[in-house]
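Derivation of every value follows stated rules applied to the coordinates shown; laboratory data play no part. Worth saying up front: this structure is predicted, and the values here are computed from it rather than measured.
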Amino acid sequence: GLGFNIVGGTDQQYIANDNSIYVSWIKKDGAAYLDGRLQEGDKILAINGKDLKDLRHKDAVELFRNAGYYVSLKIQRRLQPQNGPVGHGGDGESGGLPLAAILVPGLALAATAVWILLRYRQRM
């Protein structure tokens, strides 16, 4: 998965009179955590160009599950951390860079470093 949970939707409003989808939790060492740009409390406006406005929660979950390998999120950043519902302001949109654009090269670099370390240790 993408390494985070969502809340909200037309049938499960997280904030009164707001049908938006929000990030509720980010899994440590998951894709979103390793990428570092997504934060708990962020409002997700779109995934891969698909607007999340006025969707039921389960329909939003299905979009995330079927997002594919390259994922682009359009988000609105919260103003500041709070307890309870989050505040929002500005347009706070992400640049839309796919998570894989950072994760794949990073993982390849890490795998190469491990391989070099193991080869070096074998020669000793």
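Which percent of Cα-Cα pairs in segment 2-74 sits in each 5 Å bin, short to long?
3, 17, 29, 28, 15, 6, 1
Going through the cross-link list Lys53/Lys74; Lys28/Lys58; Lys27/Lys74, which pairs have a Cα-Cα distance over 21 Å in this structure?
Details: Lys53/Lys74 12 Å; Lys28/Lys58 24 Å; Lys27/Lys74 19 Å.
Over 21 Å apart, Cα to Cα: Lys28/Lys58.
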